[in-house]
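Reviewing the structure listed below.
Laboratory data are not the source of any read-out in this text; all were calculated from the coordinates shown. All values derive from a computational prediction rather than experimental measurement. For neighbour counting, all protein chains shown are included, and Cβ atoms are generated from backbone atoms with ideal geometry for every residue, glycine included.
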Amino acid sequence: MCSGSCYWEPVFSLLFLSLPLTATTLFISDLHLSLERPDITDAFLQFMQQEAPHADALYVLGDLFEFSIGDDEPSTLYEQVATAFRTCTELGVPVYFIHGNRDFMVGRQFAKQGAVQLLAEHTVIDLYGERTLIMHGDTLCIDDAGYQRYRRVTRWRWLQWLFLRLPLSFRMKIADGIRSSSADSKEHKVMQVMDVNQQEVERQMRHYQVRTLIHGHTHRPALHDFVLDDTSARRWVLGDWYTQGSVLAVSPHGVSLEERSLPKVKS
């Protein structure tokens, strides 16, 4: 059982990872895996079996799961995902994970089970010679003041420590309530409020001294080119997996934001 120490990773860090120039580095996010959507799980497992083993590395940029209430949750889904990650790492492909707004309670026990390396929420990597900032992306949505207040509270370590000591059944009820409240809140917010704030994008890129940013969270896959301090910059946004898979493939020769088909649900 996770004792709560799994949430002591630094909030901000710089991690420089020199990757071999042999294939591609893959980025995914916002799969929102759940027992209610076996088609997404099947697509993810197929991706892990057929594509991930041929990569230099795999980065999961948050919201892998629809929700997490702690590593002690008895879940066949958790076991499937952890097994897929471990199989990939045993083939020599490292798997890195950044927490999202739905799965920030994923901890060291799951990481150990899946041989996954947990990264800080803002991490800088050396991506084939390009200094690149990676994150989930919710910290960029500063116009959504209500969500940012919720985010600050739920990241309090003492609150997470207390939450993990509640009975599983009670934690599940809390999770269901949060999901319902989140869905209701989104219905009444304009899309612009839930998107990133460009000034915050530029502020964070200046802070980390990068010209390339990769993130998810907004479910709006795209490439955004802009000028930052008289220098060209770019922001890659990963898509969700609700209706199709979304994979960012980066190689020494270029970057490609690609879709993957979901398997048809059997009637």
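For Leu228, nonlocal amide neighbours, meaning residues 5 or more places apart or on other chains whose placed amide H falls under 5 Å from its own, are Ala233. Among 210-217, 82-89, sorting by the average number of other beta carbon atoms lying within 10 angstrom of each residue, highest first, gives 210-217, 82-89. From least to most packed, judged by other beta carbons within 10 angstrom and beginning with the fewest, Phe170, Phe47, Phe65, Phe27 follow the order Phe170, Phe47, Phe65, Phe27. Close amide H pairs (under 5 Å, H built 1.01 Å from N) link Tyr128 with Leu19, residues at least 5 positions away or on another chain. Largest first and in whole Å, the equivalent-ellipsoid semi-axes of the chain read 26, 23, 19, each the square root of five times a Cα gyration tensor eigenvalue.
Give the shape of the stretch 88-178 as rounded, prolate or oblate, defined through the alpha-carbon gyration tensor: a ≥ b ≥ c are the square roots of its eigenvalues, a/c under 1.5 means rounded, and otherwise the shape is prolate if a/b is larger than b/c and oblate if not.
Working: a/c = 2.81, a/b = 1.31, b/c = 2.14.
Judged from the Cα gyration tensor, the stretch 88-178 comes out oblate (a/c at least 1.5, b/c at or above a/b).
Note on the chain: antiparallel DSSP beta bridges, both residues inside, total approximately 55 percent of the bridges counted.
Please label the shape of the stretch 220-260 as rounded, prolate or oblate, based on the square roots a ≥ b ≥ c of the eigenvalues of the alpha-carbon gyration tensor (a/c under 1.5 means rounded; beyond that, a/b larger than b/c means prolate, else oblate).
Oblate, because a/c is 1.5 or more while a/b does not exceed b/c.
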